[in-house]
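Structure record follows, encoded as structure tokens.
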Amino acid sequence: MGSFDRINHEALLDKLGTYPQLRRLIKAWLKAGVMEGETLFPTEEGTPQGGVISPLLANIALHGFETAITTAFPKEVEGKRGPEGKRNRIGWQPRVIRYADDFVILHPDLGVILEAKRRAAEWLMGMGLALKDSKTRITHTLNEHEGRVGFDFLGFNVRQFPVGEFQRRTCGRGRTLLDFITLIRPSKEAVKRHYQKVAQVINSHKSAPQEGLIKDLNPVIKGWCNYYSTVVSKRVFGRLEHLTCQKLLRWAKRRHPNASRWKTTAKYWNPDGRYKWSFATRHGLRLWRYDKTPIRRHVKVKGTRSPYDGDWVYWATRMGRHPMMTGRKAILLRNQKGKCPWCGLFFKQEDDVEIDHIIPRVQGGKDVYANLQLLHGHCHKQKSAHDKGCAVEEPCEFESLTHGFEDEYSGRLECLV
């Protein structure tokens, strides 16, 4: 679907629904045309691909696409009869995932997928767009369908694999046991493109110093690793580390063709902790290793939440920062995963949140993150009272001596009074 150059201008402007002055300005941008050299190409439809505002306008044009597809199907339908003779209610709405002009529609029933494809084509027609047959595929993530299993989306490969009886996992609230596992990995095409990019950088630095090669390779490797660090990438990272190391060995051997392998590696590789092989300079500049990237699973954003909805508790817990919260509170909220350690309840947007010293300052506690925690306002008061109570309840030697004196001479004191 070539969305950037096919969008209907009038349909896009109607969807904006803005005031006339901004509408005229955006319309002028759309009708301005494109200069290529000294030639002006008119733009009667679409937005210039590569323009600053083109991705935003494309997202505005496709806004509502997911809702239009999902609401076209009933939320629940009656399934097969259960053991007690009652019919189970099962979900029937397809799931739609869209990123710019790329989208995926998921559903276990082939008939629903075909109907969703038809409705998608109808909806896109209203914006002057159409599905491209060469890029539109129907596939199954577990079984082979039309010669394919799984699908690639945004550089990721999504596929399911059957598992044994003792490897089954529960789905949803634990009601259903699944006999397959879903794995999301870097696609083969994405791995191939990345390695070609790494090889191109190394080949272009045949005569460059090692420091220059490392400075140019690190952004390429780090950026790619961070993009795939949330999926099943450990094996791919190990494979790329091996291939890159072999490429660097050939780079080093070309620079010193008469030197032995040991001398070559000793010149360009230095040990780094548990890694015996680390491509680094003598000044400590090291090449980032693929297998050094930690794997951290991505947590999906809930529902229709937005960073601009004012829910500072959710976004500070998720991201560790929010414009409506101080940096210290946001970091503590993320470290505590949004939960108050005193009462064990999650923070809410309307709660009064305060910073507390785990060991009070008067008792020698330091003002460091290891000694700080975030509590509800009322929990903070209870904790402070408990800290003071503990300090009073601890008897000293003088108090124990006084109690003993009173017990022994209580009668004599009464007589004196």
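Just so it is clear, none of the values below were taken in a lab; they were calculated from the coordinates. Because the structure is a prediction, the values reported are computed rather than measured. Cβ atoms come from the backbone with ideal geometry, glycine included; neighbour counts cover every protein chain shown.
Structural remarks
- Within a straight-line Cα-Cα reach of under 28 Å, K253 can be paired with the following lysines, leaving aside sequence neighbours fewer than 8 residues apart in one chain: K192, K197, K206, K215, K222, K263, K267, K276, K292.
- Placing R0 at 45 angstrom, the Cβ-Cβ distance between K339 and A11 gives a FRET efficiency of 0.45 after rounding to 0.05.
- Taking packing as the residue-averaged number of other Cβ atoms within 10 angstrom, the listed peptides 276-288, 330-342 run from highest to lowest as 330-342, 276-288.
- Nearby lysines by direct alpha-carbon distance to K135 (threshold 19 angstrom, same-chain neighbours under 8 apart not counted): K117, K188
- Prolate/oblate/rounded label for region 212-309 (Cα gyration tensor, a/c 1.5): prolate
- Residues whose placed amide H lies under 5 Å from that of L372, excluding near-sequence neighbours: I358
- Residue by residue, region 220-236 carries 3J(HN,Hα) couplings of 5, 6, 5, x, 5, 5, 5, 5, 9, 6, 9, 10, 7, 10, 4, 5, 5 Hz when phi is fed to the Karplus relation 6.51 cos²θ - 1.76 cosθ + 1.60 (θ = phi - 60°); x denotes Gly or Pro.
- Amide H contacts under 5 Å for T141: G150, restricted to partners 5 or more places along the chain or on a different chain, H placed in the peptide plane at 1.01 Å from N.
- In terms of the mean number of neighbouring beta-carbon atoms within 10 Å, the peptides 233-245, 135-147 order highest first as 233-245, 135-147.
- Placing dummy labels 7 Å off each Cα toward the beta-carbon, the span from R282 to K388 is 6.5 nm.
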